[in-house]
1. Find the Cα radius of gyration of the stretch B:2-75, compare it with 2.2 N^0.38 Å by division, and give the number to two decimals.
2. Fewest first, what order do A:583, A:480 take by the number of other Cβ atoms within 10 Å?
3. Kindly work out what percent of the DSSP beta bridges joining two residues of the protein assembly as shown are antiparallel, to the nearest 5.
4. Do me a favour and compute the ellipsoid semi-axes for the stretch A:304-345 from its Cα gyration tensor, root of five times each eigenvalue, largest one first, whole Å.
5. Any idea what Rg and Dmax come out to for the stretch B:40-158 if you just take the C-alpha atoms, in Å?
6. To one decimal place, what Kirkwood hydrodynamic radius in Å is obtained for the stretch A:174-231 from all pairs of distinct Cα atoms?
7. Would you calculate a helix-derived [θ] at 222 nm for chain A, using -39,500 (n - 2.57) for each DSSP H run of n ≥ 4 and dividing by the full residue count, to the nearest 500?
8. As a footprinting exposure proxy, order A:487, A:285, A:681 by other Cβ within 10 Å, with the fewest listed first.
Amino acid sequence: MADTKTSETAPKKGKWTRRAFIGAGVVAGGALVIGVAVRPDNPVERLSPMVAKGKGEQLINAWVKVDADNIVSAIIPHVEMGQGIFTSLAQMLADELDADWSKVRILEAPADAKYVSHDIGREFLAPNLEVPAILEPTVGGTFLQLATAMNLQITGGSFSVRGTGQRAMRVAGAAAKEMLIAAAAEEWNVPAGELRAENSMILHDKSSKSAPFADFAAAAAEQGLPNKPKLKSPKDYKLMGKAMARHDIPDKSNGTALFGIDADLPGMKYAAVKAAPVVGATVESMNVDSAKAMPGVLQILNMGDFIAVVADGYWQAQQALGTIDAKYSKTEGDTLNQDALFARYASVLDEAGDEGGDVETEQGDVTEAFANAATKVEAEYKVPFLAHATMEPMNCTAWVRDGKCDVWSGHQAPLMARKAAADTLGIDTDDVTYHNAYLGGGFGRRSENDAIIMATRIAKAVSYPVKMIWSREEDTMQDHYRPSATSRFQAGLDKNGKAVSWSNIHTHLFDPQEAPTVPYYNIANHKIRKIDVPTHLRFGPWRSVDHSQHGYFIESFVDELAHAAGKDGYAYRRELLAGSKRHLAVLDKAAEMAGWDKPLPEGHGRGIAFVPSFGTIVAEVAEVDMTGAKPKVKKIYVAADPGFAVNPDGFAAQMESSIAYGLTATLYGEISVKDGAVQQSNFHDYPILRINEMPEVEVGIINGDHKRLGGAGEPGLPPLAPAVTNAIFAATGKRVRELPLSKVDFA
Amino acid sequence: MITLNVNGEAKEVEVDPATPILWVVRENLKMTGTKFGCGVALCGACTVHLDGKPVRSCSTPVSEADGKAITTIEGLAEEDGTFSKVQQAWVDQQVAQCGYCQSGQIMSATALLKKNPNPTDEQIDAAMAGNICRCGTYVRIRKAIKTAAGVSSETQEA
């Protein structure tokens, strides 16, 4: 069977199914009908009032603006939450445009349906679709309709560079260049073929004539939009592939960068909130006697599912809220406790037996292969709920007046935030203006609309602008959590130790669909099943989503197979990846960087893990010191192939970041439920990795396929936990089958 | 009425003396560079200097600033906007990601270097362990502090 395997990293079906998109009710596959003739025309006239209002500013197409001083603005339809996307996308656009990087500015696209990109829709819905140039306008129009219907202006899924960057920003830059050249050719009366662009200038080498882009911007906007402008090949890249400094860092180093929480309006008041501790419960009664007498307090609101105190200052609001004694309704969720939940997972999995649950993928006959296997390996793994704990607590400012509403926040999907506010008020989306700011951490948390809806409801109840800020306690206890989960495996090995069957059943499947699957490993027979075990707790995408748990489950179990086969984890994975050149190159690079065969001091261990996700192949080697009372992670070596790293330093920063985020979860991350409520509340009982615990990180990048890019924000995370726990096994012989490590007794 | 000395300027505010410095600076003085993170001095996002020493402004009542100089992130650069050594090192080492905690990180690092111009790795870790960064910029924070201390000068392309 091994001979039929390819190096595909993921199955093609169901690539993108985040709830938001399913929820929009658009059937993507069925709607992609060639022949719906909607040509994406040049929307410059419609867009200018929003983004090119200034004197001398000229839009060339939707994403490129040139002003009289020859400053080029790249208009970016994604939000900046630390991933450096403004800079990376501007690099892609400016490179194709041959713009002078020192004169490139960045403008976040407004939260308006006109700034939905058909390319976003296309990347989400049909990432591998290629069509002849003549059909591009038709297909583009179809996707534009779909994207608009779905409010597709979202940042997530490690998708921005590989989707918007490749399909929209580069194309927009290249198209603008062709339009500028066409305009210059008319003006100078020379063939367009004799002109070229360089550093935001149009040059005619024959006559030594040159002039800035600005001179032709207005005429360029009148040119027809090229269907398929010519994109550069990698040898001609000037900005892509270079570690350009990020545009947002200076403002984030002097306190001037504005986040959602920094919104400021004349006459603005402040709201502190407390939601019913058990999600689904309501406020039955509240004693506000002392609260209402406190200084600065303006309004005390029982909103049903939460209490809001509005005051002149936030601290006043918080102080007053703290004195309110409230009683909440009983709900079914009240009886839920964490141990009972894991017991419920176990019984549901027991009941499913060998045949129950929903089959996600199946190949060959696992039952027969397992029965005939020379060695049988079984294991069960568990992970807890996790909170996002963004440094900026959830917040939103809203002002409802005259049947209209303005909303200020930092959100991963501005159009969806706008719609949520409109739906809350029962008004048209056109009557809501949504203002997005920098996000003080996103990690999936800021793709939810709960804070937007709460602030809008409060604003509706008062007559002035109001800024709602969650306390850290609310932020921790009212999150949309990474679900807790249990996963069980059975594998059979032949007499040489080769895996011949792989069977897995796990609770819960959210997204991406391929997270529990291992198509890159040569295992002839496999069957993967899932069972949903719903709880009243809200769950949501958490950095790398389901890969965050399945990376740990799968790579721990592969390590157990290696041990059962009497081989080391690196050598065993090499065999499983045999024939997949790109995968092997990444695995080999990580091992080589780490000096896999070099001896380590007594009590230290080295572990390896390999997880392709979000289009990027990643292998990590962890070095862990087990000589102390608790594990000390010394160093992480990361090898990654994202196809092509547009900004290698930004990519490395995302790997470092994923390691810190993943290591927090591995060492400490645990949200637990008692009587239906989350028990943790602040950083004392939901600890975050601190600088003294941060390992050294070394990142090696392989540019394995410049045509098909992978993501950066998430793929560094899934291999981290298993690399660490595999290193612990190497050092101590103790296999960690439940996270976090703070629960494990290493004595 | 309370008179405060903030970044070298006298400011008058009408607040309850128990109000934490954080909210006075952010809401009354409209200087939003100082951030709210946890409210209980566990994360360091709100770090400011009181007479040059780092304090957690979310848990320090404004009454404690009486007769003392408050320095916030807005007060580190020169008057013409030229970044302080620490701020410049933050840019050179491309530290910030989401950036929300970085005002607090820079304030802590500035206080560290004032006290100890040439800190070791262990001293950096000890001085900075009170500042949480959820984006995990710790590797670069270490480098930036060394850059600011003049130990290393590796930088990114501009």
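Values in this text are rule-based calculations from the coordinates and carry no lab data. Because the structure is a prediction, the values reported are computed rather than measured. Neighbour counts are summed over all protein chains in view; Cβ atoms, including those assigned to glycine, are modelled from backbone coordinates with ideal geometry.
1. Scaled against compact globular proteins, the figure is 0.94.
2. Neighbour counts put them in this order, fewest first: A:480, A:583.
3. So the antiparallel bridges amount to about 75 percent of the total.
4. 34, 12, 8
5. 13.9, 46
6. It is 11.2 Å.
7. Dividing the helical sum by the residues of chain A leaves -8500 deg cm²/dmol.
8. Exposure proxy ranking, most exposed first: A:285, A:681, A:487.
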